[in-house]
1. Where the second residue is open to solvent by 80 Å² or more (accessible area, probe 1.4 Å) and the first is more than 17 Å from GLY44 (Cα to Cα) and lies in region 205-219, which pairs have Cβ atoms under 8 Å and are six or more apart or on separate chains?
2. Pick out, from region 1-111, the helices (runs of 4 or more DSSP H) lying fully within it that include 2 or more residues that are open to solvent by 70 Å² or more (accessible area, probe 1.4 Å).
3. Any idea how many residues of region 176-192 are modelled with pLDDT under 95, open to solvent by 10 Å² or more (accessible area, probe 1.4 Å) and not polar (S, T, N, Q)?
4. How about region 11-26: which of its residues are within 14 Å of ALA240 (Cα to Cα) and charged (D, E, K, R)?
5. Go through ASP135, ASP142 for me and flag whichever is farther than 25 Å from TYR51 by Cα and at pLDDT 95 or above.
6. Which residue out of ALA155, ALA122 is touching a strand residue (DSSP E or B) at 6+ places or on another chain (Cβ under 6 Å), open to solvent by 10 Å² or more (accessible area, probe 1.4 Å), on the phi < 0 side of the Ramachandran plot and of a type in the set (A, V, I, L, M)?
Amino acid sequence: MIAADQPKLIVETDAEALARAAAERLLARIAANPGRIAICLTGGSSPKRLYELLGSDGWRGRIPWQRAHWFIGDERFVPESDPLNNMAIARAAFLDGNAPPEHIHPIPTTGENPEAGAEAYARELQAFYGSDRLDRARPLFDLVLMGAGPDGHTASLFPGFPEIEETERWAVGVPKANVAPFVPRVSLTLPTLASCREMLFEIAGPDKRPILTRLFNGENLPALRARSNGETVWMVDRAALPEEIRGPR
């Protein structure tokens, strides 16, 4: 995991330091692009503190909101009003009141089924990108935020499920989740997630240590298979880090 040809590992002292370091990396990616910016957010519990920081007085003024567009890597197929909705959590934490509404790009969950939502989101991404084919030399996203579930899933790409093998479609419907909450999902595929200048995993807490041990030992799980065509970075706090692993601070 820490070899030169592997994703970069950064270890922070605790969850608060991790969130602040992740916020700084996100802002650095934004600052590096003088044009239109695209950030792909993640759901789950890992980014909660990061999102709170981005919406706070000391941070939100550093974001050029008129140039930044906000997407999401996966969504639970529930209404936007449902507390399980990933983008609704991000909106409440920092997007609403800061980002222009037309710059917030949620995955639609009002259609007939997750596959219809996936097709609609793929069309939206392609319209934003200006092509229905991804070019490695022209990333779709400046930054993709990621997490890792207890089974090694990332986004809503679960181990052993067919969606992890998809290489043509930009997004897929996931009719059944492998972990709670057991609701259908929509997820971007590995090639779409890879189309970024940086993929940033944020992992915190002792409950993440078992899955990090498996991932750092090279187990072929979705979170390990997810790689940026640019830079892939794993940011981990000390509580989540397996004892035998030592990374740069």
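1. Within 8 Å, the pairs are PRO210/PRO150.
2. On the way: elements: 15-31, 48-54, 57-60, 86-90.
Result: 15-31, 48-54, 57-60.
3. Counting residues in region 176-192 that are modelled with pLDDT under 95, open to solvent by 10 Å² or more (accessible area, probe 1.4 Å) and not polar (S, T, N, Q) gives 6.
4. GLU12, ASP14, GLU16
5. On inspection, the qualifying residue turns out to be ASP135.
6. Going through ALA155, ALA122 in turn, the sole match is ALA122.
Residue-by-condition table, conditions (1) at pLDDT 95 or above; (2) not charged (D, E, K, R):
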{"site": "LEU54", "(1), (2)": "yes, yes"}
{"site": "ARG60", "(1), (2)": "yes, no"}
{"site": "PRO64", "(1), (2)": "yes, yes"}
{"site": "TRP70", "(1), (2)": "yes, yes"}
{"site": "ARG76", "(1), (2)": "yes, no"}
{"site": "GLU80", "(1), (2)": "no, no"}
{"site": "ARG91", "(1), (2)": "yes, no"}
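The values are calculated or read from the model by the stated rules, or taken from the named source; none is laboratory data. Computed from a predicted model, the values in this text were never measured in an experiment. Here the Cβ is made from the backbone with ideal geometry for all residues, glycine too, and neighbour counts use every protein chain on show. We work out accessible area using only protein heavy atoms, side chains counted, and drop any ligands, DNA or RNA first. Shrake-Rupley method; radii C 1.70, N 1.55, O 1.52, S 1.80 Å.
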